[in-house]
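Right, one structure below, let's go through it.
The values are calculated or read from the model by the stated rules, or taken from the named source; none is laboratory data. Because the structure is predicted, anything quoted here is derived from the model rather than measured. Every residue, glycine as well, gets a Cβ built from its backbone with ideal geometry; the counts of neighbours run over all protein chains shown.
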Amino acid sequence: MRTLAFQMPDRGGGPTGPRIRAGRPSRRVRTLLVTLGVLAALGMAFTMFAGFWTDWLWYRSVHYSSVFTTTLWTKIGLFFVFGLLMALAVGFNIWLAHRMRPPLSAMSMEQQSLDRYRMGIAPYKTWLLLAVTALVGLIAGASAAGQWRVWLMWVNGVPFHQKDPQFHRDVSFYAFDLPWYRFLLAFGFATAILSLIAAALTHYLYGGLRVTSPGSRASAAATGHLSVLLGVFVSLKAVAYWLDRYGLAVKSSDFRATGNWTGLRYVDANAYLPAKNILFFIAVICALLFFATLWRRTWQLPVIGFGLMVLSAVLIGGLYPAIVQKFQVQPNEQAKEAPYVQKNLKATREAYGIDHTQVSEYSGKAATDDKTKLRDQVGQTASIRIMDPNVVSPTFQQLQQIRNYYGFPTNLDVDRYPTKDGKEQDTVLGLRELNLNGIPKNNWINDHFRYTHGYGVVAAKGTESDDKGRPVFTEKNLPSKGDLGEYQQQVYYGEKTTTYSIVGGPQKEIDYSDDEGEKTTSYQGKSGVNLDSPINRAAYAVAFNEPQILYSGAIGDGSRILYNRTPKDRVEAVAPWLTIDGDAYPAVVDHRIQWIVDAYTTSNGYPYASRTTLGDTTADSLTATNNSRAVVAQQNQVNYIRNSVKATVDAYTGDVKLYQWDSADPVLKTWMKAFPGTVKPRSAISAELMAHLRYPQDLFKVQRELLTRYHVTNAQTFLSGSEVWQVPDDPSNDSRDSVPPYYLSMKMPDQKQQVFSLTTTFTPNGRDNLSAFMAVDSDPRASDYGKIRILKLPTSTTVDGPKQVQSQFNSEPSIAETISLLSRGHSQVEYGNLLTVPLDGGLLYAEPVYVRGGTLKYPLLRKVLVTYEGRTAFEDTLDQALDKVFGVKGSEPPKTGTTEPPASTNPTVRQALEDAQKAYDAGQEALKSGPDWDAYAKAQKDLQDALKKAEDAQSAADKPRTSGD
């Protein structure tokens, strides 16, 4: 084969120039590569710095920098301590194995074949050792840093002053101590295993271990070294057996009689617990045998001991409990398990705060035949809410949006506000928040500088509608005016405000628009982070991936960046140890709009208490359609929960305040020790704020789910399953999701006056008739706040449940015909909340029925369904329906509400909406007379034309005033 040779030019020059070495880049290329590498490293470093720096600036801006620093230093401390421990342990064992290597002359042929590997790593063995130990140290440190919550709870834990019934240890041992001990044990196992692997590989590489060579398989030094590491491993296994004894009290398992189960059962107490004790002593003996190898220099006894330990684990820890379960428990399961079920009942009821639930027998049948008395009792028993906050949001949107760049949440809220005569009434309300999708032109300036906030509260009476089926607004228009008085109306922080805004600088913000044009403002609050510093601007440009923040002329002196603007996000950020309720709600408090956020402390370590998953337990028909109300992040199981904190977020300044609500909660006390000064005492809650606090929905949903089984206190009844209930499906739709609980001012049979309450119903497992009605006092000013009352229906009689009542409504011929007429053309019928009210021994059901008509399709109240004792009415108003059901008129005159047209600053829009209302009324008259289908068709066409005219006029009015920059 011919070889081609290429002659390189001489280095010294000549006719062909200087020599260039083949395969090496020029100096210019190397310089460029080094420069690019340095720039890339600096870019990565600044990106990491930007994330850290912006977090620090944000926490400092909300005055919770101690949360940031405590969390940060805890993570750093755990990272370095455990990372260093792991690195030292593995590195020391590698160094020790290398030091114990036999002389080369003693190496076998097998080991001599590894010479090339030893020779290859010899020049780099120090660096290789450092690299391996650094790698395992980084991994271990990162894992330990993630345990910062466990560490803080362990080091700050306070006692519960309650002991478990099996080991008589304080509950704090299981909630705060045991999780930390388990982490230490897992870290110890990882350290022992990695050290054992590293030492074994080193011994093998340097001849201390042999695999295929004849003669001794291990040198004396290797035998002693590895025996000690195995002894450490087995010692840790002994500790694990000892901790497993306590772990039985918080162990979850499937129990055929009850399903999900936590705590010891008969087989645990009489088989697994003794087995753990025996295995503990066996493991201790086995560990001593491994340590004894230092003197005996033989594997025989340790290997035999280890084999016996494994065999014992199979026989004593697995086979024996199975025999006990099969031949002792199953033949007489209820008798054997009853004492342990009783412990589970007690612990579960205590852990979820349902141990003081009042269960009363309720007949389900009216106690009197006096119809006049029953009719008059309705108003005294409950303020029946016919404005469903989960239905009327589009109506608020159409009548009170005013500008397209405002919007209301999908689900409005229910609160209590005083009327002009000083009495409180249930009120449906929502904030007119910013809706960036509605601005005429989206660009960076409009989205982040000019359109920065919403404006005002819109509120309506919950128990009334006007004669057009619209809400009776008590706070309306733009700016909002009404019964709420004067307050700061700008909404910079809200549920729909998910993007950042830059305020307070040279660029003016749009406050609101009226007939006189745009009203502008400049943010005067101290919220957010100041962008005067170039470093801050550069950090946020990187953090938000928006280079314009760095050089835009719209940012100047006084510019501040607002972000993390939803109430849930802000509370969760300043208190990462809390679980946040899915429904934050606004209230006007002390002349300011405050978001009120309920927060929970939870634990997974309450002995004998059954576990639940918050994300699943709190799901219902509302969370299925509105993810913002779901506790989606909480998929971990818990078995202890308290509504320990009430938080507020100012809608203008973004200020977050945490108030201690449950002063007896040990978990909250622990976190308050870990983060001192972050939670204000309960006494700091003002009287005006107290008037708007309420019992949280998610806690109520967790409790009602537990009460489907844990309303009984007798173990035998619990085991039989005869008293198991279920939460019914929402009857107003076909989603098959659970019915949501409803806020309602009402009184239970043992109460003297109405109290703002949260209510729900239960049906028997697998059936649709009613089992029980449940309510909890939700007004914190009431003496019985938080008291759960259950009215239990007799099993000997059948009382219609929500689904049956809804079915009865739909199957009534006259009602079905009217519903069919209402839904003709382009109209849609929508059912509101089916409210249940205990009345004189019976149960009254009331349900508003809305009709969506026309192009814009917003619901108006058209009918009210009422049933009591098998009598059903379907009338235009609640009073008319009640009069028909009871056959007598109420002593109080019916409330008709107002007939004011919807608010609008544009006369064309106002006139078009009035024409639409007239057309709709004409259509309803046509249905009643005959019906006259020709007249109805003409009315529907007039309705669509009027609504289209209103929509076009509103859009035209918005465009010239909101063009932005």
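Working only within the stretch 560-591, note down all residues that are free of Cβ contacts under 8 Å to residues at least 40 places away in the same chain and of a type in the set (A, V, I, L, M, F, W, C). If the condition is that a residue be free of Cβ contacts under 8 Å to residues at least 40 places away in the same chain and of a type in the set (A, V, I, L, M, F, W, C), then no residue fits.
Taking the conditions exactly as written (farther than 28 Å from TYR858 by Cβ, in contact with an Asp or Glu (Cβ under 8 Å, 6 or more places away or on another chain), hydroxyl-bearing (Ser, Thr, Tyr) and surrounded by fewer than 21 Cβ atoms within 10 Å (Cβ to Cβ)), does SER533 satisfy them or not? No. Comparison of ALA271, ALA283 shows that the only residue that is within 27 Å of GLY721 (Cβ to Cβ), aliphatic (A, V, I, L, M) and either out of contact with any helix residue (DSSP H, G or I) (no Cβ under 9 Å at 6 or more places or on another chain) or assigned to a helix (DSSP H, G or I) (or both) is ALA271.
Per-residue answers, yes or no, for (1) free of Cβ contacts under 8 Å to residues at least 60 places away in the same chain; (2) in contact with a helix residue (DSSP H, G or I) (Cβ under 9 Å, 6 or more places away or on another chain); (3) among the hydroxyl-bearing types (Ser, Thr, Tyr); (4) more than 24 Å from GLY438 (Cβ to Cβ):
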{"site": "SER480", "(1), (2), (3), (4)": "yes, yes, yes, no"}
{"site": "ASP483", "(1), (2), (3), (4)": "no, no, no, yes"}
{"site": "THR498", "(1), (2), (3), (4)": "no, yes, yes, no"}
{"site": "VAL503", "(1), (2), (3), (4)": "yes, yes, no, no"}
{"site": "GLU516", "(1), (2), (3), (4)": "yes, no, no, no"}
{"site": "THR521", "(1), (2), (3), (4)": "yes, no, yes, no"}
{"site": "ASN530", "(1), (2), (3), (4)": "yes, yes, no, yes"}
{"site": "ALA539", "(1), (2), (3), (4)": "no, yes, no, yes"}
{"site": "GLY558", "(1), (2), (3), (4)": "yes, no, no, yes"}
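Among the residues making up the stretch 684-695, those that are assigned to a loop (DSSP other than H, G, I, E, B) and in contact with a Lys or Arg (Cβ under 9 Å, 6 or more places away or on another chain) are ILE685, ALA691, HIS692, LEU693, ARG694. Among the residues of the stretch 584-606, those identified as part of a strand (DSSP E or B) and among the hydrophobic types (A, V, I, L, M, F, W, C) are ALA587, VAL588, VAL589, ILE593, TRP595, ILE596, VAL597, ALA599. Of the residues in the stretch 424-436, none is on the phi > 0 side of the Ramachandran plot and not assigned by TED's automatic domain parsing to the domain that holds TYR858. Restricting attention to the stretch 645-677, the residues being among the aliphatic types (A, V, I, L, M), surrounded by 20 or more Cβ atoms within 10 Å (Cβ to Cβ) and more than 14 Å from PRO576 (Cα to Cα) number 2.
Could you please give the count of residues in the stretch 702-738 that are of a type outside the set (D, E, K, R) and outside any helix (DSSP H, G or I)?
Total meeting the criteria: 16.
From the list SER783, SER823, the lone residue that is out of contact with any Leu (no Cβ under 9 Å at 6 or more places or on another chain), surrounded by 15 or more Cβ atoms within 10 Å (Cβ to Cβ) and either more than 22 Å from GLY842 (Cα to Cα) or not assigned by TED's automatic domain parsing to the domain that holds GLU361 (or both) is SER823.
Residues in the stretch 121-178 that are in a loop (DSSP other than H, G, I, E, B), exposed (fewer than 14 other Cβ atoms within 10 Å of the Cβ) and over 32 Å from the mean Cα position of the chain (by Cα): HIS168 only. For the stretch 257-264, check the following and say yes or no: at least one residue is within 30 Å of VAL638 (Cβ to Cβ) and among the hydroxyl-bearing types (Ser, Thr, Tyr). Yes; the residues of the stretch 257-264 include at least one that is within 30 Å of VAL638 (Cβ to Cβ) and among the hydroxyl-bearing types (Ser, Thr, Tyr).
Flag not set for ALA554, criterion: buried (at least 23 other Cβ atoms within 10 Å of the Cβ) and either in contact with a Pro (Cβ under 8 Å, 6 or more places away or on another chain) or touching a residue at least 12 places away in the same chain (Cβ under 8 Å) (or both). Residues to consider are THR74, THR54; find the one that is surrounded by 13 or more Cβ atoms within 10 Å (Cβ to Cβ), polar (S, T, N, Q), at pLDDT 95 or above and not in a loop (DSSP other than H, G, I, E, B). Every option except THR74 fails the conditions.
Being surrounded by fewer than 21 Cβ atoms within 10 Å (Cβ to Cβ), of a type in the set (A, V, I, L, M) and within 40 Å of the chain's Cα centre (by Cα) is a description that applies to ALA338.
Summed over the stretch 392-417, residues that are over 21 Å from LEU478 (Cα atoms) and either assigned by TED's automatic domain parsing to the domain that holds LEU744 or without any contact (Cβ under 8 Å) to a residue 60 or more places away in the chain (or both) total 0. Listed by position, the strands (runs of 3 or more DSSP E) inside the stretch 390-497 whose residues that are over 19 Å from HIS591 (Cα atoms) and of a type outside the set (A, V, I, L, M) number at least 3 are 457-465.
For the stretch 243-293, a residue qualifies if it is surrounded by fewer than 16 Cβ atoms within 10 Å (Cβ to Cβ) and aromatic (Phe, Trp, Tyr), and exactly one does: PHE281. The single condition among (1) without any contact (Cβ under 8 Å) to a residue 24 or more places away in the chain; (2) touching a Pro at 6+ places or on another chain (Cβ under 6 Å) that PHE700 does not satisfy is (1). Checked against the criterion of being within 30 Å of PHE160 (Cα to Cα), loosely packed, with under 14 Cβ neighbours inside 10 Å and at pLDDT 90 or above, the stretch 342-356 contains one or more residues that satisfy it. Among the residues of the stretch 644-666, those identified as assigned to a loop (DSSP other than H, G, I, E, B) and in contact with a Ser or Thr (Cβ under 7 Å, 6 or more places away or on another chain) are THR653, GLY654, TRP661, ASP662, ASP665. For the stretch 436-452, the criterion of being among the β-branched types (Val, Ile, Thr) and under 28 Å from the mean Cα position of the chain (by Cα) is satisfied by at least one residue.
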